[in-house]
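The values are calculated or read from the model by the stated rules, or taken from the named source; none is laboratory data. Since the model is a prediction, treat every value here as computed from it, not as a measurement. Glycine gets a Cβ as well: all are built from the backbone with ideal geometry, and neighbour counts include every protein chain shown.
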Protein chains: 2
Amino acid sequence: MATIRDVAQRAGVSVATVSRVLNQNGYVNQDTEARVMKVIKELDYRPNTVARSLANRKTGTIALILPTIMNPFFSELSRAVEDSARSRGFTVIFCNSDDLDTREQTYIDVLRQKYIDGIIFASSSLGEEDLAVINENGIPLVVLDRALREGNCSVIRSKNAEGARKAVHHLLATGCRKVAHIAGPQELITAQERLRGYRDVVKDLDWFEESLILPGQFSITGGKGAVQALVEAHPDVDGIFAGNDLMAIGALKALHRMGIKVPEEVSLCGFDGIGATEWTEPELTTVAQLIYEMGARAALHLIDRVQGYTDQVEDLELDVHLIERGSTRRRKY
Amino acid sequence: MATIRDVAQRAGVSVATVSRVLNQNGYVNQDTEARVMKVIKELDYRPNTVARSLANRKTGTIALILPTIMNPFFSELSRAVEDSARSRGFTVIFCNSDDLDTREQTYIDVLRQKYIDGIIFASSSLGEEDLAVINENGIPLVVLDRALREGNCSVIRSKNAEGARKAVHHLLATGCRKVAHIAGPQELITAQERLRGYRDVVKDLDWFEESLILPGQFSITGGKGAVQALVEAHPDVDGIFAGNDLMAIGALKALHRMGIKVPEEVSLCGFDGIGATEWTEPELTTVAQLIYEMGARAALHLIDRVQGYTDQVEDLELDVHLIERGSTRRRKY
DNA sequence: TTGAAAGCGCTAACAC
DNA sequence: GTGTTAGCGCTTTCAA
């Protein structure tokens, strides 16, 4: 593979000149440039990115750390990140953390040794202190779905509490008289906020009790389990707000298995807006996040910072909207 | 961030020595080593991977090129690849090609400039010539789901035709008298093979006609569309073998919408074995591939080759097995 | 067992 | 406008 030296030699110029035409900076004579370009073509020369990275400490690579790509939410998110990165000539490394902090820690170590230009952090077990470490290393960071006190990194999230309120209001509006909540793991801020939104709406209603809140791990099986426990404890429940779509899908399965009709006997609403909510029967009402936009914004903003186009850290809260589908399509009042 | 020089200086040795203890090669005195190690700890020194890569032309990074991560099949596959890579200290770059050959071409260019150690190619629009180019560049390659004449790269695939035969036999065994096939895009070898498997079984049956084969793009909407066309042309169809699970899900939706009962009136079988086949109602019978194993094998084998543990190219054909579920659970004969 | 020094391929300050 | 050259941080001969 040809090097910059080969090009320089053959074009009868110095490597500096070649470098200049490559990077379009500094003055260079039109003729010289043309000659160099010609040689580049002839030799099918491609600059060696690694050497470049070593020289200027930029790799053109960002990393995306997420819990697991198996969750469709993160599939879509990472698709957005990769599309956006590609559009800016960046490459993305992807990391499944399973929300394990040791793993996240290891990744960060590896990534900084690799001169990764920036990190999008969509996994949340790492404490602020650890994130601070990344910042000290001067590596730009965008975190998803967190609220950070310390201001040195950008945050993008959805209006979780508001979305949850929309969901519960909708369930009530369609006639539910007792609405339960299947909650995600409370270590996660998204799960907390959605629970809070649920509480906001129901806390003063006379039928509300704490036992209407069940843990569901943000997973299909978690959703199933929660429904089983729920129906046993509260046979009169007629509305369920699941903290994410996977749990809603699990809930739907469990209800079906127990012979409980959705939406006739129990209305069901999820959160996230993953494509699979349209795969079930009935289709699932859900509070949709702007998943793709979230990923795209995160990536583009990160790259802006990497490239020094901005040094503003961003704190964005994206809208959510209720998509009404069969799982809540009942009588209206 | 400390460099190898800092360590050398502080430990009172040369950088060469530090390098030796780092890489555990060459002779180095026990005491010296201890001293160096101590300094490394003190300085919290981490070797710079980029510099290392430049020096020895290995980056510890592999790339995974796939059509799109939004297809759950590839989510699981990439999860396997990343897990396996991580277990060997490798990092993975991921690329959504949308099966666009220009995009694949671009990726390959970028990747080789980045000194990527190896590529797993799960997207198949690129011709063999292009793949040959990669080989000439000496970069190890594992392709998924192809049959290549030219032997310089490893191939891993599933027994697609056999799986298809299993599917159709199963449909017939459960009482279907007229089985249609929703086929994937015929540029893809997997789609071809599954169609071939279908043909193998039905070609001599008296009810068979070409119009029982419908294109479905390997997508949900494709599956829906195919079913609509199918029911119109062949109202008496009572079995459908979809070339992948997404199409099967789409088919199920369409059948439901048309008021056709599954499995009572039409039995339905998919292919792939993605998790979502358990999310529908009824759950989908499917020919399951060993998706995770496929990804894991690909990654581990690739890394073996990168590290020179083997120079054998591999040609593996993984088993598939039928998972019988509600969508075909009818009378048996 | 250790060190000096020549790369790996490119960038960028500095000189002409 | 263009060339020289000193890095970027590490590996690896080759001598000592």
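Mind checking whether some residue in segment A:7-17 is within 12 Å of DNA strand C (Cβ to nearest atom), outside any loop (DSSP other than H, G, I, E, B) and among the basic types (Lys, Arg)? I'd like the intermediate steps shown before the answer.
Our first condition is that a residue be within 12 Å of DNA strand C (Cβ to nearest atom); within segment A:7-17, this holds for A:7-9, A:13-17.
Keeping just the survivors that are outside any loop (DSSP other than H, G, I, E, B) gives A:7-9, A:15-17.
This time we only want the ones that are among the basic types (Lys, Arg), so: none.
Among the residues of segment A:7-17, not one is within 12 Å of DNA strand C (Cβ to nearest atom), outside any loop (DSSP other than H, G, I, E, B) and among the basic types (Lys, Arg), which makes the answer no.
Filter segment B:18-31 for residues that are within 13 Å of DNA strand D (Cβ to nearest atom) and outside any loop (DSSP other than H, G, I, E, B); which is surrounded by the fewest Cβ atoms within 10 Å (Cβ to Cβ)?
Taking segment B:18-31 first, the residues within 13 Å of DNA strand D (Cβ to nearest atom) are B:18-29.
Cutting the leftovers down to outside any loop (DSSP other than H, G, I, E, B) gives us B:18-23.
Numbers: B:18: 28, B:19: 19, B:20: 18, B:21: 21, B:22: 17, B:23: 11.
Going through the qualifying residues, I end up with B:23.
Out of A:111, A:148, report the one residue that is within 30 Å of residue B:105 (Cα to Cα) and of a type in the set (A, V, I, L, M).
Working: A:148 fails: within 30 Å of residue B:105 (Cα to Cα).
Result: A:111 is the single residue among A:111, A:148 that is within 30 Å of residue B:105 (Cα to Cα) and of a type in the set (A, V, I, L, M).
Return yes when residue A:64 is away from DNA strand C (no atom under 16 Å from the Cβ), modelled with pLDDT of 95 or more and in contact with a Cys (Cβ under 8 Å, 6 or more places away or on another chain) and no when it is not.
Judged against the criteria, residue A:64 is a match.
Which one of the conditions (1) surrounded by fewer than 20 Cβ atoms within 10 Å (Cβ to Cβ); (2) at pLDDT below 80 does residue A:113 fail to meet, given that it meets all the rest?
So residue A:113 meets the others, but not (2).
Every residue in segment A:201-210 that is touching a helix residue (DSSP H, G or I) at 6+ places or on another chain (Cβ under 6 Å) and over 20 Å from residue A:248 (Cβ atoms), please.
A:208
Got a sec? Which strands (runs of 3 or more DSSP E) wholly within segment B:87-160 have at least 3 residues that are within 14 Å of chain A (Cβ to nearest Cβ)?
B:91-96
How about segment B:183-259: which helices (runs of 4 or more DSSP H) wholly inside it have at least 3 residues that are in contact with a His (Cβ under 9 Å, 6 or more places away or on another chain)?
It comes to B:189-202.
Scan segment B:226-269 residue by residue and report those that are small (Gly, Ala, Ser), more than 16 Å from residue B:282 (Cβ to Cβ) and within 33 Å of the chain's Cα centre (by Cα).
Within segment B:226-269, B:226, B:229, B:243 qualify.
Can you tell me how many residues within segment A:288-327 are among the β-branched types (Val, Ile, Thr), in a strand (DSSP E or B) and either closer than 30 Å to residue B:259 by Cβ or within 14 Å of chain B (Cβ to nearest Cβ) (or both)? Don't jump to the end; show me each part of the working.
Taking segment A:288-327 first, the residues among the β-branched types (Val, Ile, Thr) are A:291, A:303, A:306, A:310, A:313, A:320, A:323.
Pick out the ones that are also in a strand (DSSP E or B) and you get A:320, A:323.
Still in the list and also either closer than 30 Å to residue B:259 by Cβ or within 14 Å of chain B (Cβ to nearest Cβ) (or both): A:323.
Residues that pass the stated criteria total 1.
Touching a residue at least 60 places away in the same chain (Cβ under 8 Å) and in the same structural domain as residue B:78 (by TED's automatic domain parsing): is that true of residue B:300 in this structure?
In short, yes.
Can you find even one residue in segment A:51-69 that is in a loop (DSSP other than H, G, I, E, B), touching a Ser or Thr at 6+ places or on another chain (Cβ under 8 Å) and over 29 Å from residue A:138 (Cα atoms)?
No, segment A:51-69 contains no residue that is in a loop (DSSP other than H, G, I, E, B), touching a Ser or Thr at 6+ places or on another chain (Cβ under 8 Å) and over 29 Å from residue A:138 (Cα atoms).
Residues being in contact (Cβ under 8 Å) with a residue 24 or more places away in the chain and either within 13 Å of DNA strand D (Cβ to nearest atom) or within 7 Å of chain B (Cβ to nearest Cβ) (or both): count how many of those fall in segment A:55-69. Break it down stepwise before answering.
To start, the set of residues in segment A:55-69 that are in contact (Cβ under 8 Å) with a residue 24 or more places away in the chain comprises A:57-69.
Filter once more, keeping what is either within 13 Å of DNA strand D (Cβ to nearest atom) or within 7 Å of chain B (Cβ to nearest Cβ) (or both): A:57-59, A:68-69.
The number of residues fulfilling the criteria is 5.
Looking at residue A:165, is it under 25 Å from residue A:98 (Cα atoms) and either charged (D, E, K, R) or in a strand (DSSP E or B) (or both)?
Criteria not met by residue A:165.
Looking at segment A:279-286, can you tell me whether even one residue there is within 14 Å of chain B (Cβ to nearest Cβ), more than 18 Å from residue A:240 (Cα to Cα), without any contact (Cβ under 8 Å) to a residue 40 or more places away in the chain and part of a loop (DSSP other than H, G, I, E, B)?
Scanning segment A:279-286 turns up at least one residue that is within 14 Å of chain B (Cβ to nearest Cβ), more than 18 Å from residue A:240 (Cα to Cα), without any contact (Cβ under 8 Å) to a residue 40 or more places away in the chain and part of a loop (DSSP other than H, G, I, E, B).
Can you name the number of the only condition in (1) away from DNA strand D (no atom under 14 Å from the Cβ); (2) assigned by TED's automatic domain parsing to the domain that holds residue B:138 that residue B:37 fails?
(2)
Of the residues B:51, B:80, which is within 14 Å of DNA strand C (Cβ to nearest atom), surrounded by 14 or more Cβ atoms within 10 Å (Cβ to Cβ) and within 14 Å of chain A (Cβ to nearest Cβ)? Walk me through how you get there before you give the answer.
Numbers: B:80 fails: within 14 Å of DNA strand C (Cβ to nearest atom).
Being within 14 Å of DNA strand C (Cβ to nearest atom), surrounded by 14 or more Cβ atoms within 10 Å (Cβ to Cβ) and within 14 Å of chain A (Cβ to nearest Cβ) holds for just one of B:51, B:80, which is B:51.
Test residue A:59 against the stated conditions and say whether it is within 16 Å of DNA strand C (Cβ to nearest atom), within 29 Å of the chain's Cα centre (by Cα), in the same structural domain as residue A:100 (by TED's automatic domain parsing) and not charged (D, E, K, R).
Yes.
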